[in-house]
Structures are given as structure tokens and as C-alpha cells.
1. In region 3-83, if every C-alpha pair distance is counted and binned at 5 Å from zero, what percent goes to each bin?
2. Using alpha carbons only, how many angstrom separate the centre of region 78-124 from the centre of region 27-44?
3. What FRET efficiency do you get for R88 and N31 if R0 is 35 Å and r is their Cβ-Cβ distance, rounded to the nearest 0.05?
4. Looking at the square roots a ≥ b ≥ c of the eigenvalues of the Cα gyration tensor of region 101-173, which shape do they give, rounded for a/c under 1.5, prolate if a/b is larger than b/c, or oblate?
5. Compute the distance in nm between two label points, each set 7 Å from the Cα along the Cα-to-Cβ direction, one at I49 and one at M208.
6. Which values, in whole Å and largest first, are the semi-axes of the equivalent ellipsoid of the chain obtained as the square root of 5 times each eigenvalue of the Cα gyration tensor?
7. What's the ranking of 61-69, 215-223, 98-106 by average number of surrounding C-beta atoms within 10 Å, highest first?
8. Would you pull out the residues with amide H under 5 Å of L91's amide H, same chain only if 5 or more places away, H placed 1.01 Å from N?
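What follows draws every value from the coordinates through simple rules; no lab data is involved. What you see is a predicted model, and the numbers here were worked out from it, not measured in a lab. Here Cβ is always computed from backbone atoms with ideal geometry, including for glycine, and neighbour counts include all displayed protein chains.
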Amino acid sequence: MELSDLRIFRAVVSEGGITRAAEKLHRVQSNVTTRVRQLEEDLGVALFIREGKKLHLSPAGQTLLGYTDRLLDLAEDAREAVQDAEPRGTLRLGSMESTAAVRLPAPLSRLHKRYPELTLELRTGNPQQLARAVLEGELDAALAAEPLADAPFEKVPVYNEELVLIAAADQPPIESAGDGAPGTLLAFENGCPHRKRLEDWFSGQEEMPERIIELGSYHAMIGCTVAGMGVALLPKSVLDGFAEKKRLSVHPLPPGQDHAQTVLFWRKGARSPKIDALIEVLRETATD
């Protein structure tokens, strides 16, 4: 059963016969007659009671007419929805934790107020997890730090994060990995780009940390740093909301290692009005 068959069937009913239906649909009568008979054969029932040239709906035809109206209306709704340029529905967004905690409250609040028919779902993870979720269709888009593979994604740069080392307040200046820095790294699990940058910083100076303590949030990481348990690398923006920054010492990284580009990315060919709306508010709030 095809939608075109249902449109012809409804036209025959509404116009009261084959001749007028053919005129309305700009088809020849024989084509309309053939399509109606094919529909009856497909369903295995007579849709009309025929009295000469007159057609009356059969009980089965009455039943199908109710479904026909609903199916054709639903098809039209679907057509309008996919062609609709207004952001609506659910936006499934992924983000690194630091970005979600520090950068997203303002743009997502603006997005909610500007597009009330748009519902947001947010998931946090590292770039590898987020990239996999975007490719598998679990997320519409995600925010993560470069590097990300170019081939499967489209991207727009959003934030250029300054990265710093943090340690306990009494930590002397850290200029190299072997310069009296604590031998314990406080970091997220493997896959976090900031952890890799910190590990590369050590290995680039032929140093190895004594151990790595994996933590699940920046709040825990900062708290453990304050307690003198180790050194961590994080976006400087994360510290802006930390009330007791005086309990920390902040140490710059060498030029070229002290910034990370955060991008919004989505699968190639999958850009939508929802993603356009998100880009709009991200760019607005990034410059506020």
C-alpha cells in the first residue's frame, strides 16, 4: 500500500466517483480505476459497492477511509517537520566535563529561552567517547578539544582555552617536569586530551610521573591538588568559579603547549537547524 494509492482512494471518495477524482488529480480515468482495483487486490477486500457507474463505500472502505485520513495527515506532518527550519525536538549534545561546567550554562540557558520547542539532553565524556557517540548517532553534536579526526566530522571552533598547571599553594614555581614538581599526576581517565598533554609534558623532558591518580571530576581534582596530593593540568577557566583559589598555586605552561582549541563537531552531512541554533548561541556568549 503506497501513499499515492491512498490519495487516489480518498479523492474518489471525496469527489464522489472516478471521473471527478481523475479531473482533480489530473489523471486519466483508466489510471484512477486501475489504481483503485490494485489497492483492493492488495488488501484483499472490496472498497466500493458498485451500482452501474455509481460507487458507494463498502464497510471495509469506511474503515480504510479513517486510516487514510490519519496516514496522509501524518505524512504531511512528517514532510513539514523535515523541511522545518525552526529548531525543535531534542538536541542530544555531548561535552567534555570542563566545557559543560564552565562554558555551557550561559549559552544553553539562552538556547532554552530563545527556542522553547527545543529540548536538550547533555552527556559528558572524553573526546574519544564523544566522537564515537556522534558517529553512532547517539549524539547530534559534541564539544571537545582538538585533535579530532577530520574525515568523518564537520567542525567549528568555539573556545580557545588557556591551560595551566595547578599545585598546592606552597609549591615553588614549576618550570620543568623535574623542577621539584610533585611526582603524582591528578587526571581523568585515558582519552582525556588534557591528561595526554600533561603526560607528554613529562615524557618530552624524559621524566616519568611516579603515579597517576584518576579522578572523575574537576572538583575532586582541585580538592586533591589543594591537599598536596599531586599536580593537575586544566583549563584556566575552570578556576574562575573556585572560591578558594588562594589555596592553589598556578603555573604557566611553555608557549605552544598552553592553549587548546575546543570545537563543536557533528557527523558530516548531518548539520540541522538544531545545530545551527546551538552555533548561534555559542558564538554570541563566547564574545559576551
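1. Over region 3-83, the share of Cα pairs per 5 Å bin runs 3, 15, 25, 26, 17, 8, 4, 1, 0 percent.
2. So the separation of the two Cα centres works out to 47 Å.
3. 0.35
4. oblate
5. 9.1
6. Rounded to whole Å, the semi-axes are 65, 17, 15.
7. Highest-to-lowest ranking by the protection proxy: 98-106, 215-223, 61-69.
8. When sequence neighbours closer than 5 places are left aside, the close amide H contacts are T119, L120, E121.
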